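Shown next, in structure tokens, is the structure this report addresses.
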Amino acid sequence: MTRLSLKSSKASASKSPTRETMPEQVPMIRVSKLMSERGMCSRREADDYIVKGWVLVNGSRVEELGTRAPSNAKITLTESGLGLNKVTILINKPIGYVSGQAEDDYKPAIKLVKPDNQFTDDPSKKRFIRQHLKGLAPAGRLDIDSTGLLILTQDGRVAKKLIGQDSKIEKEYLVRVTGTIIENGMELLQHGLELDGKPLKPAKVSWINEDQLRIVLREGKKRQIRRMCDLVNLKVTGLKRVRVGQVKLAKLPIGQWRYLGDKELF
């Protein structure tokens, strides 16, 4: 009995801690890398925010480049830095995509915003990160059977400027039509039509050729151009938005997207 007891005691004393019994260490990683991996911003942007004192790690301000933090640390931006990540995205929307939420099995245009669809000549040089999808919403609609410039933004100031009640931003469209316009149709298209019992704001309307119009509006009622054309005996067969304010669709390929540049203004 004594020998068994000694053997048991010796075995117990020589037993080393296993991986399961040792506390698991949390790896320390550069704060800028953590921010990039979490889709908060790029590493270069993170370094800039750190230097400016806009980054908090577990509630404490970080101001030194190269600072490391536990991989599970809570990282936030101060109020000064919160607005810096807000982006505005331009899409050349194809037919068959809806502007906002999915409808009747049609995909929302936001589904096009992914790395392999970004315009290779995007002048902003910004890199796509997942955070740029958060809160991204259309600033104005474009019908499912229309193509061209659709704007999605995280920035409420941009949305207000484009679709706010007092917005005066122009939207330019190229419109293919068939039919014979009524006698005073051009004058009515420019000013004098009503929709839903309310007069429309003046529009700029001109012929590009015998079957295509250029129409510039300062408002955006549902299917407005198609309904306007119906009232003057024209049927729209194709509609493409090519400009919003000073921002043009230009060479952005259909189905692709790019960021609004820092110096671009509507």
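The numbers here are math on the coordinates, done by the rules we state, and not lab data. Here the structure is a predicted model, which is why all the values come from computation and not from measurement. Cβ atoms come from the backbone with ideal geometry, glycine included; neighbour counts cover every protein chain shown.
Tabulated results
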| read-out | value |
| --- | --- |
| log10 of Debye I(q)/I(0), alpha-carbon scatterers only, for the chain at 0.10, 0.11 Å⁻¹ | -0.65, -0.74 |
| FRET efficiency, Asp262 to Glu194 (Cβ-Cβ, R0 41 Å, nearest 0.05) | 0.50 |
| Listed residue pairs exceeding 26 Å between alpha carbons, taken from Lys33/Lys93; Lys168/Lys222; Lys74/Lys134 | Lys33/Lys93 |
| Extended-chain gain in nm, criterion 0.36 nm per residue less alpha-carbon gap, Trp207 and Arg127 | 24.8 nm |
| Distance between modelled label sites at Arg38 and Glu183, nm, 7 Å Cα→Cβ extension | 7.0 |
| Packing-based ranking, highest mean first, of 123-134, 223-234 given that Cβ atoms within 10 Å are counted | 223-234, 123-134 |
| Cα centre as origin, Lys/Arg/Asp/Glu Cβ charges: the stretch 170-244 dipole, Debye | 500 |
| Relative packing of 101-111, 212-222, 87-97, which averages over residues the other C-beta atoms within 10 Å, highest first | 87-97, 212-222, 101-111 |
| Relative contact order computed over the chain (Cα-Cα under 8 Å; 6+ residues apart), in percent | 20 |
| Contact order normalised by residue count of the stretch 46-122, Cα under 8 Å, 6+ apart, percent | 18 |
